[in-house]
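The values are calculated or read from the model by the stated rules, or taken from the named source; none is laboratory data. Because the structure is predicted, anything quoted here is derived from the model rather than measured. Cβ atoms come from the backbone with ideal geometry, glycine included; neighbour counts cover every protein chain shown.
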Amino acid sequence: MDIEVNLQSQHREAICMSKTGPTHVVRDATSEDFDRCFPLLDQLYHGDIGSNFREVFSKLAGGQEGSVIVAEQHGKTLGILIGSYHLDIDWEGKVAKIQALIVDEKHREQGTGRTLVQRFAEKAKQAGCHVVGSRINRENRVARLFHEELGFWQAETFEYILEL
C-alpha cells in the first residue's frame, strides 16, 4: 500500500492507495470528531468511558500535549489513534505514548493501523520526541505481533498504577 500526502487540505491528510484506488484517508482529528469516533472508542474501552473522556480527547486533538489521528472512508471512521507527548527522565527528554489504537474489525489487515502509527510517529518526531511507546495487554498476541512488525520492542519494565 502506498501513501500519498495531500498538503492542500486544512488538516494534512494521508491518502492510502491500493492497486484499485484510494482505500482511506488518515488525518488529524479535531474535538468535533468525538461523536463520530465514540462507537470505536466505546468498543475499545468496553463501555468504560468516564465523564472526562470527551474533555481529554478534545485537549489531545490538535494540541501540544498529544494528537488524535483518524482513518476514514466515505465519512465513516475506520480507525483511531490517541497519543500523548511528555518529558521522561529515563529517556532524558520528550517521549510519545500511544494511549489508544483501534481499527474497526471489518477494516483490519488493510494497513490502516500501520498508517495511523506511522503518522503518529511522524508527528511525535516533529514534536521533539525520542521514542514512541505503546502499552498493550500482554495476552493480546495480535497486538504484540502488530507492534513487533512495526519495529517496537518489548521493554524490560512493568507499569504499576496508584489511583489517587
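Data table
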quantity: The lone exception for H86 - which of (1) touching a strand residue (DSSP E or B) at 6+ places or on another chain (Cβ under 6 Å); (2) surrounded by fewer than 16 Cβ atoms within 10 Å (Cβ to Cβ); (3) at pLDDT 90 or above it fails; calculated: (1)
quantity: Candidates T115, T77, filtered to the one that is touching a residue at least 60 places away in the same chain (Cβ under 8 Å) and among the β-branched types (V, I, T); calculated: T115
quantity: Restricting the stretch 16-44 to residues that are hydroxyl-bearing (S, T, Y) and at pLDDT below 75, the residue that is farthest from A121 (Cα to Cα); calculated: T20
quantity: Within the stretch 90-141, tally of residues that are closer than 16 Å to T157 by Cβ, acidic (D, E) and touching a Gly at 6+ places or on another chain (Cβ under 7 Å); calculated: 0
quantity: Some residue of the stretch 100-123 being in contact with a Ser or Thr (Cβ under 8 Å, 6 or more places away or on another chain), of a type in the set (D, E, K, R) and surrounded by 15 or more Cβ atoms within 10 Å (Cβ to Cβ); calculated: yes
quantity: Criterion violated by K59 - all others in (1) out of contact with any His (no Cβ under 9 Å at 6 or more places or on another chain); (2) under 23 Å from A143 (Cβ atoms); (3) surrounded by fewer than 19 Cβ atoms within 10 Å (Cβ to Cβ); (4) of a type outside the set (D, E) satisfied; calculated: (2)
